[in-house]
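Structure in structure tokens, see below.
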Protein chains: 2
Amino acid sequence: MDYEPKWYARLLTTATGFYFDEEEFLRAGERIFNLERYFNVREGLDGRYDTLPIRLLKEPMPYGPAEGHVVELETMLDEYYALRSWDPLGRPTDRLLMRLGIIREPRWPKLQVALDLRDLGEALRIAELAYLGGADWIEVGTPLVKSVGMEAVRALRRRLPGATIIADLKTLDTGWLETELAAQAGADVVCISGLAHDNTVRDAVGCARKYGVKIMADLLQVPDPVGRARELEALGVDYVCAHTGIDVQRDRAEEIDRKVAMLAELARSIRIPLAAAGGIRADTARKVVSAGVKIVVVGGAITRAADPRRAVELILKSMGKR
Amino acid sequence: MDYEPKWYARLLTTATGFYFDEEEFLRAGERIFNLERYFNVREGLDGRYDTLPIRLLKEPMPYGPAEGHVVELETMLDEYYALRSWDPLGRPTDRLLMRLGIIREPRWPKLQVALDLRDLGEALRIAELAYLGGADWIEVGTPLVKSVGMEAVRALRRRLPGATIIADLKTLDTGWLETELAAQAGADVVCISGLAHDNTVRDAVGCARKYGVKIMADLLQVPDPVGRARELEALGVDYVCAHTGIDVQRDRAEEIDRKVAMLAELARSIRIPLAAAGGIRADTARKVVSAGVKIVVVGGAITRAADPRRAVELILKSMGKR
């Protein structure tokens, strides 16, 4: 009998009493499949175990249309993982698991790789290396946004469908319009300036709710970070980011301990996750995380590294993620 | 004798004692030609008098390769004015006159048309209409920058070579990089946020000096506008902009008189030209100018007008410019 998904959906509705349409039926399958995979990965069975019998990989096919070929496993797995929205190690990404309702929150702490560059090609190259290294939160930095606009978000979304993409707009006005731009381009998180008027923050939050994206508010240049962070939380912002600007880092060689104490105070002052940005490197990431920071934003230490992938791996290790 | 520009340049150097290379020789010609035109326009002889004998315009050519044609004067004048960097009325623009050293400062007050849109095509359409209406300061608004990046500046520069282009980046960090982006794309003025750290402002100013562009600092959300305006002036900023944000305008129906008093105080507090933005319309532009504002920034009242060209003409009239 020729049974189509819509018939299965009706059977499932009848059997369970929960309403399934065709789309929800297919999503249930995706959820089951990914839940299994998520379980396996947790137990250590990640992409390293996705293989085939040695004969298929080593012995060329002696006849037929594939004569002379072996299975190109690596290439095919990369494509398969991308189609599944899994990361390059074959692990379901936070973005996928949240969409399927398997997890409610990202698996903190997260490393957010900030691409504060002006060239899109270079940004995409580094993003892919960072993603290969295990970073699945990728930020389109403000200079990149101003250089090429939302095309940066669209290109990154096409290239890394499983990644969580943050658009750092540092919005100061027209909160709805700018959030909408980024959401429609495929961003998951839109970063606005905490210096913006409350109306702008409210508009950004309202627009984010409509599109199912998150708002991060940046405390760069905010005179009273703790007080403003609380206000931003009350305004409905999802994340707050403590941020020392690039132009300031060069003459403010803060001792890490003072910075960490400030981050710990901020983290205690709000219930929403705290991000931290500005001069964080592999050797300081651990302390930042132990201060209660959930999102560790790293730019230059990755984008200017000779080996960005290795840099990501070291930072993740320092964060206790590998 | 076959005399090339470089020979004239040598003759001129010998005759005057001032050093002329070929480029400077050609510029001297351009300066003379434009100075004449500038004089004529001041006396009322603008593009309306650029015409040809009626026979060339009305009687089709009876023979030869142009048989059956008349001179398409309007079309040819538009192209000619654009090549000359004159405005659509055949008048040398401030940008040209300043480049040639004929004037040192723009002819204040200026109307700056803010294109706070997300679609580049629509922005270019309105920019051309505004330019036809007599506005030669055109602002690429922040949402447009974030939507399509510096392509907006490049496209506007190609379309309106005589216009002064302002890139409203509202820069909060990486002052050098962002100013460089806009300057290289063809902007004449780069607008940064007055909320930025002094290092960022200094970097933006330094980069602007290198590229021969101007920095405007925006007082949007600045708690102490007068104090900060003075600081920004001391940091080397060229213009300061008093700005009521779009998201704030809807619930702050300030009486115009209070606003004008605030602008007058600001204008008195600094020596550099003051810009004003936020909800200015034809009926209020006059008061804003009389408060000492040199750059009147108007967005919605032009971009949302049924007839943007007419809206520009009315505002310019209110500013005493027509």
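The values are calculated or read from the model by the stated rules, or taken from the named source; none is laboratory data. The structure displayed is predicted, hence computed values, not measured ones. For neighbour counting, all protein chains shown are included, and Cβ atoms are generated from backbone atoms with ideal geometry for every residue, glycine included.
Mind counting the residues in the range A:147-196 that are closer than 23 Å to A:SER85 by Cβ, among the small types (Gly, Ala, Ser) and either part of a helix (DSSP H, G or I) or not assigned by TED's automatic domain parsing to the domain that holds A:PRO225 (or both)?
Going through the range A:147-196 one residue at a time, the tally reaches 5.
Would you say A:LEU144 is within 14 Å of chain B (Cβ to nearest Cβ), part of a loop (DSSP other than H, G, I, E, B) and over 20 Å from A:LEU314 (Cα atoms)?
Answer is no for this residue.
Do you know which residues across the range A:78-131 are over 26 Å from A:LEU274 (Cβ atoms), of a type in the set (Phe, Trp, Tyr) and in a helix (DSSP H, G or I)?
A:TYR80, A:TYR81
To continue, here is another question. Considering only residues of the range B:105-116 that are touching a helix residue (DSSP H, G or I) at 6+ places or on another chain (Cβ under 7 Å) and away from chain A (no Cβ under 14 Å), which is surrounded by the most Cβ atoms within 10 Å (Cβ to Cβ)?
The first filter runs over the range B:105-116 and keeps only residues touching a helix residue (DSSP H, G or I) at 6+ places or on another chain (Cβ under 7 Å), leaving B:106-107, B:109, B:111, B:113, B:115-116.
When the remaining residues are screened for being away from chain A (no Cβ under 14 Å), the result is B:106-107, B:109, B:111, B:113.
On the way: B:PRO106: 20, B:ARG107: 12, B:PRO109: 21, B:LEU111: 25, B:VAL113: 29.
Step by step, filter the range B:105-116, then rank; the result is B:VAL113.
Check off (1) of a type in the set (Phe, Trp, Tyr); (2) in contact with a Phe, Trp or Tyr (Cβ under 9 Å, 6 or more places away or on another chain); (3) surrounded by 22 or more Cβ atoms within 10 Å (Cβ to Cβ) for A:TYR131 and give me the number that stays unchecked.
All conditions pass for A:TYR131, except number (2).
Now, a different point. Consider the range A:177-189. How many of its residues are hydrophobic (A, V, I, L, M, F, W, C) and within 7 Å of another protein chain (Cβ to nearest Cβ)? Spell out how you get there, then give the answer.
From the range A:177-189, those hydrophobic (A, V, I, L, M, F, W, C) are A:177, A:181-183, A:185, A:187, A:189; that's our starting set.
Going one step further and asking which of them are within 7 Å of another protein chain (Cβ to nearest Cβ), we end up with A:177, A:181.
So the answer is 2.
So which helices (runs of 4 or more DSSP H) stay within the range B:216-322 end to end and still have 2 or more residues that are more than 22 Å from B:THR164 (Cα to Cα)?
B:225-234, B:246-249, B:256-269, B:282-290
Look at B:ALA152 and say whether it is within 26 Å of B:LEU316 (Cβ to Cβ), in contact with a Cys (Cβ under 9 Å, 6 or more places away or on another chain) and within 11 Å of chain A (Cβ to nearest Cβ).
Here the answer is no, as B:ALA152 does not meet what is asked.
Starting from residues that are surrounded by fewer than 24 Cβ atoms within 10 Å (Cβ to Cβ) and either within 18 Å of A:MET98 (Cβ to Cβ) or under 17 Å from the mean Cα position of the chain (by Cα) (or both), keep the ones in the range A:190-223 and report whichever is farthest from the other protein chains (Cβ to nearest Cβ).
Checked the range A:190-223; the qualifying residue farthest from the other protein chains (Cβ to nearest Cβ) is A:GLY212.
Something else about it: Can you pull out every residue in the range B:132-141 that is more than 10 Å from chain A (Cβ to nearest Cβ) and touching a strand residue (DSSP E or B) at 6+ places or on another chain (Cβ under 7 Å)?
Within the range B:132-141, the first condition is being more than 10 Å from chain A (Cβ to nearest Cβ), and the residues that meet it are B:132-140.
Correct list: B:ALA135, B:ASP136, B:TRP137, B:ILE138, B:GLU139, B:VAL140.
Kindly provide the set of residues from the range B:163-176 that are surrounded by 22 or more Cβ atoms within 10 Å (Cβ to Cβ) and within 12 Å of chain A (Cβ to nearest Cβ), ordered by number.
Listed by number, the residues that qualify are B:ALA167, B:ASP168, B:LEU169, B:LYS170, B:THR171, B:LEU172, B:ASP173, B:THR174, B:GLY175.
Hey, among A:LYS294, A:LYS321, which residue is in contact with a Leu (Cβ under 8 Å, 6 or more places away or on another chain) and modelled with pLDDT under 95?
Being in contact with a Leu (Cβ under 8 Å, 6 or more places away or on another chain) and modelled with pLDDT under 95 holds for just one of A:LYS294, A:LYS321, which is A:LYS321.
To continue, here is another question. Name, by its number, the condition in (1) on the phi < 0 side of the Ramachandran plot; (2) touching a residue at least 40 places away in the same chain (Cβ under 8 Å); (3) surrounded by fewer than 20 Cβ atoms within 10 Å (Cβ to Cβ) that does not hold for B:ASP119.
Of (1) on the phi < 0 side of the Ramachandran plot; (2) touching a residue at least 40 places away in the same chain (Cβ under 8 Å); (3) surrounded by fewer than 20 Cβ atoms within 10 Å (Cβ to Cβ), only one is false for B:ASP119: (2).
For the range B:139-162, name all the residues that are surrounded by fewer than 24 Cβ atoms within 10 Å (Cβ to Cβ) and small (Gly, Ala, Ser).
Matches in the range B:139-162: B:ALA155, B:GLY162.
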